[in-house]
Amino acid sequence: MQYRERRNLSDIFKYTTIGGKDADSGAAKGRLALGIGVFDGVHLGHRVIVDELCRIARAAGVIPAAMTFHPHPRAVLRPEEPPILLVPLSERIRLLRAAGAERVLVVDFTPEFACLEPEEFLNRLLGCGGFALAGICVGEHWRFGRCGRGNRTLLKEYALRRGLSFSACPELLLDGEVVSSSAIRRAVASGRLEHAARLLGRPYRLVGRVEYGYGAASGRLDCPTANVSFSAGVLPPDGVYAVAAWCGGKCYPAAANVGFGPTFGWAQAKRRLEVHLLDFSGDLYGSEIGVEFLSYLREERTFPDPEALKAQIGCDLIRIRDFFAKHIEQRGA
């Protein structure tokens, strides 16, 4: 994802993403409908907002644009308790564009910005002169301005005074539960991956970079793994999983291990995510990789020796190949 700085607009806009469509469309002239929110994870609840945004944009003949904030407002307002995000900023932007936002504006959220009174907050946010607004869409519980004093009522009045379309989307409920980023984090941490996928509308995915590990998987187990370091997201419970690994625009069937690698008894071992891509050859160090958790296979165990672990890994890989073969058959049916 490429970012282009927009210092000429306003110091609050740190980044904006420009896609191929924008260069030849009304967005280049600043004609936008805005969907505003943090959108962490871009789950089904967020998709409701983006869908409504696209409806407003179509009705007005303008470009649907999502406006998000970085860092997360809670990380600025309560730095001692920063939120655990589901996805990094680059993935959030990718998901918003995939959902239908043709432009994504990223607001640089600062302590000074957070202290603005609601009306001034909106004037700074929406009246910088870099784009002409046709409509605004938010979640019905979105709050803004100093101490969260701004609400949908104030925003609706702001929109009416300026002749803008306005919509506040209600929270999405699935089986009586509000679809939220926190609910998804809880589901993943407790191993309820199918439930998390249902709230997301897609498999749960961790995105990170491949870094050097202990080297045991390649040297002693003949099963090279990518050690994935990630800045956002939560790990599911320790164990072995069938996963889809995305790298360089391609998807590979893969095995993932979450845990400490207890068989080798490393001192000061930390909990980590290791991924073995089936039928892959090449150097992944430093590459960004996305890991989609599809199915839990077994718990992480301590084996009597590396040979026993190697034999178990062989069985795990057979099960994973069978899983993907059946998955492909079901999709083709």
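Annotations
- Karplus-derived 3J(HN,Hα) values for the stretch 102-109, using 6.51 cos²θ - 1.76 cosθ + 1.60 with θ = phi - 60°, are 7, 9, 10, 9, 10, 8, 6, 7 Hz; glycine and proline are entered as x.
- Sparse-neighbourhood loop sites, GluC sites (Glu not before Pro) in the stretch 117-208 - DSSP loop, at most 14 other Cβ within 10 angstrom: GLU140, GLU171
- Proximity of backbone amide H atoms, modeled 1.01 Å from N, is registered between GLY35 and ALA65, ALA66, MET67, CYS137 at under 5 Å, excluding neighbours fewer than 5 places apart on the same chain.
- The stretch 160-217: C-alpha gyration tensor shape, a/c 1.5 cut-off, then a/b vs b/c: oblate
- Remark on the stretch 205-332: hydrodynamic radius 14.9 angstrom, per the Kirkwood mean of 1/r across alpha carbon pairs.
- Each pair of Cα atoms in the stretch 13-172 enters the Kirkwood radius, and Stokes-Einstein at 20 °C and 1.002 mPa s then converts it into a translational diffusion coefficient of 136 µm²/s.
- The GluC sites (Glu not before Pro) of the stretch 49-101 that DSSP puts in a loop, and whose beta carbon has at most 16 other beta carbons within 10 Å, are GLU80.
- Restricting the stretch 233-295 to chymotrypsin sites (Phe, Trp or Tyr not before Pro) in coil, as DSSP defines it, with at most 16 other Cβ within 10 Å: PHE260, TRP266, PHE280, TYR285
Laboratory data are not the source of any read-out in this text; all were calculated from the coordinates shown. Everything numeric in this text was worked out from a predicted model, so none of it was measured. All Cβ positions, glycine included, derive from the backbone under ideal geometry; neighbour counts span all protein chains shown.
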